[in-house]
1. Here are 103, 45, 99, 77: which of them is within 13 Å of the ligand (Cβ to nearest atom) and surrounded by 16 or more Cβ atoms within 10 Å (Cβ to Cβ)?
2. Going by the structure shown, is residue 160 in contact (Cβ under 8 Å) with a residue 24 or more places away in the chain, over 18 Å from residue 78 (Cα atoms) and not in a helix (DSSP H, G or I)?
3. Identify, from the list 82, 77, 45, the residue that is out of contact with any strand residue (DSSP E or B) (no Cβ under 8 Å at 6 or more places or on another chain) and more than 21 Å from residue 202 (Cα to Cα).
4. Would you check if residue 207 is within 14 Å of the ligand (Cβ to nearest atom), in a loop (DSSP other than H, G, I, E, B), outside the structural domain of residue 84 (by TED's automatic domain parsing) and farther than 20 Å from residue 80 by Cα?
5. With surrounded by 19 or more Cβ atoms within 10 Å (Cβ to Cβ), more than 10 Å from the ligand (Cβ to nearest atom), part of a loop (DSSP other than H, G, I, E, B) and touching a residue at least 12 places away in the same chain (Cβ under 8 Å) as the only criterion, which of 144, 151 stands out?
6. When the residues of segment 164-186 are narrowed to those that are away from the ligand (no atom under 11 Å from the Cβ) and in a loop (DSSP other than H, G, I, E, B), which ends up nearest to residue 137 (Cα to Cα)?
7. Please verify whether segment 89-96 includes one or more residues that are touching a strand residue (DSSP E or B) at 6+ places or on another chain (Cβ under 9 Å) and either within 16 Å of the ligand (Cβ to nearest atom) or part of a loop (DSSP other than H, G, I, E, B) (or both).
Ligand SMILES: Cc1cc2nc3c(=O)[nH]c(=O)nc-3n(C[C@H](O)[C@H](O)[C@H](O)COP(=O)(O)OP(=O)(O)OC[C@H]3O[C@@H](n4cnc5c(N)ncnc54)[C@H](O)[C@@H]3O)c2cc1C
């Protein structure tokens with residue numbers, strides 16, 4: 001247990017080199033060409049290359065990005081959130097970084113990616129949009145994990161049921177999207193969305209992370 005009045009070493013606040021305890025897994029292994037900034041724990045460069053080749057076969061190469069340069073850790077806005085690192089990092093910017101980010105196009109691809117990750121023993125960090133800013137965003141808790149950006153291609157409103165007061169949505173649907181749907185379909189006098197402070201987050205992402213809004217119910221009939 002942490003000693004009560006011990007404060008974090010200066011260098012962990014504001015982006016200096018992390019102390020040894022925070023060193024990245026595989027951090028000291030020299031990187032080969034094309035290697036990610038951070039390999040998954042216990043995974044060799046060769047093994048990771050085979051994995052990403054199979055992943056691109058599964059999901060198409062346009063939906064797979066290997067994070068190889070620190071320059072790629074530049075997305076730092078709520079509107080264009082990073083998909084691979086913590087925009088408000090406390091420990092070094094390059095610590096909680098995904099090795100690669102995959103954007104599946106449907107449920108079957110999600111299932112196939114999970115089977116492949118089990119086969120290659122690659123940890124996975126799923127997220128919907130990555131706007132959980134201030135709480136890590138899309139940054140994986142295990143450095144070098146595969147980030148799974150579920151909201152990029154899966155962003156449809158599948159059903160809104162007035163009778164049951166529910167909506168069936170894909171991970172990429174934001175509170176703004178759902179609100180606009182109610183407006184465009186003249187449902188605002190029938191249904192009411194339970195919105196957190198910021199409407200740009202994913203309805204599903206906020207729900208799985210136990211979000212709270214300002215009404216006692218998610219979708220309420222007035
Ligand atoms: C200024 C500010 C105010 C905020 N106010 C509120 C508020 O009033 N109420 C509130 O609830 N939140 C609030 N938040 C937090 C945040 O806006 C929401 O939680 C937001 O919806 C999460 O972003 P996201 O949908 O992009 O989730 P993501 O960042 O995509 O996901 C959040 C976490 O949930 C998990 N996750 C997400 N999607 C999936 C999935 N499909 N499968 C498995 N795991 C998944 C992941 O572990 C991920 O780390 C606030 C944040 C800020 C910065």
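The values are calculated or read from the model by the stated rules, or taken from the named source; none is laboratory data. These figures come from a predicted structure and were not determined experimentally. FYI the Cβ positions are ideal-geometry reconstructions off the backbone, even for glycines, and counts take in every protein chain you see.
1. Working: 45 fails: within 13 Å of the ligand (Cβ to nearest atom); 99 fails: within 13 Å of the ligand (Cβ to nearest atom); 77 fails: surrounded by 16 or more Cβ atoms within 10 Å (Cβ to Cβ).
None of the other options fit; the residue is 103.
2. Judged against the criteria, residue 160 is a match.
3. After ruling out the rest, the residue left standing is 45.
4. Here the answer is no, as residue 207 does not meet what is asked.
5. 144
6. Only one residue fits best here, namely 165.
7. Within segment 89-96 (the criterion being touching a strand residue (DSSP E or B) at 6+ places or on another chain (Cβ under 9 Å) and either within 16 Å of the ligand (Cβ to nearest atom) or part of a loop (DSSP other than H, G, I, E, B) (or both)), the answer is no, since none of the residues qualifies.
So that you can scan it fast, the table gives a plain yes or no per residue for (1) modelled with pLDDT of 90 or more; (2) away from the ligand (no atom under 12 Å from the Cβ):
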site: 188; (1), (2): yes, yes
site: 197; (1), (2): no, no
site: 202; (1), (2): yes, no
site: 218; (1), (2): no, no
